[in-house]
1. Compactness ratio of segment 134-176: Cα Rg over 2.2 N^0.38 Å, N = residue count?
2. Along Cα→Cβ, 7 Å out, is where each label goes; now give me the distance between the ones at residue 193 and residue 170 in nm to one decimal.
3. Full extension from residue 101 to residue 179: what is 0.36 nm times the residue separation minus their Cα-Cα distance, to one decimal in nm?
4. Once you order the gyration tensor axes a ≥ b ≥ c over the Cα atoms, which shape class does segment 82-142 get: rounded for a/c under 1.5, otherwise prolate or oblate by comparing a/b with b/c?
5. Need one word for segment 117-194: rounded, prolate or oblate. Basis is the Cα gyration tensor (sqrt eigenvalues a ≥ b ≥ c); a/c below 1.5 gives rounded, then a/b vs b/c decides.
6. So what's the gap between the Cα centers of segment 128-194 and segment 19-83, to the nearest angstrom?
7. Can you show me the helix-derived [θ] at 222 nm for the chain, built from DSSP H runs with n ≥ 4 at -39,500 (n - 2.57) apiece and divided by the number of residues, rounded to the nearest 500.
8. Determine how large the accessible area of residue 181 is when every protein chain is in place; take a 1.4 Å probe and give Å² rounded to the nearest 10.
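The values are calculated or read from the model by the stated rules, or taken from the named source; none is laboratory data. Note that the structure is a prediction, hence the values are computed from the model and not measured. As a convention, Cβ positions derive from the backbone with ideal geometry for all residues, glycine included, and neighbour counts pool all protein chains shown. Each accessible area value is taken on the protein alone, full model and side chains, heavy atoms only, with ligands, DNA and RNA left out. Shrake-Rupley method; radii C 1.70, N 1.55, O 1.52, S 1.80 Å.
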Amino acid sequence: MTGIEGGSARHGRPLRADAQRNEDRLLEAAAAAFAREGAGASVKDIARAAGVGVGTLYRRFPSKELLIEAVYRQEVQRLCEAAQHLTATQSPVDALRTWMERFIDFMAAKQGMADALAVVLTDESEKMYTRSMLADAIAHLLGAAKGQSVARPGVEAPDVLMALGGISLMAASEERRDLATRLIDLLLYGVVTS
């Protein structure tokens, strides 16, 4: 499967409203559990947190790997969609800063699932597609900043994405989330004009 697709797309037909609510709650509970405990999070605890039985979880996601994959896809999609909302509700610089902070949080959660994702997401074209989606989200944010003349000329979305990836790795290796915020401030200093 290529691209970012939700669970219902995986099954080829839309879910009933109650089934979609169950899936949404499962994915939300799983995202929180994986961010907190990594890939070793208990599926029973995830089902309990979502307010469904473990049988419902396994009907939607027959293996933990499929659940992890679905969480990853949903989180990438949410992160990318956030760029539109942020530029509509915040100043361009604040939107860019907020999105960068969300990216760091996404990467931290992804680190908790890294071992399982390495098994699940083996398709190089999928990795490139995800990177492209994230770069498009950054390009949208930069476009809003350039439209307001607060972004430096020549700043490219793929470069910002690579810098954010580096920031997330440094903050994770130092186990200091506050370091990421300070480094985002430095990155923004190089991106914005004021």
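1. Normalised by 2.2 N^0.38 Å, the Cα Rg of segment 134-176 equals 1.35.
2. Each label point lies 7 Å from its Cα, and together they span 2.6 nm.
3. Answer, rounded to one decimal: 26.9 nm.
4. Values: a/c = 3.92, a/b = 1.87, b/c = 2.10.
The shape class here is oblate.
5. oblate
6. One Cα centre to the other: 28 Å.
7. Calculated from helices alone, the mean residue ellipticity at 222 nm is -25500 deg cm²/dmol.
8. Rounded to the nearest 10, that gives 50 Å².
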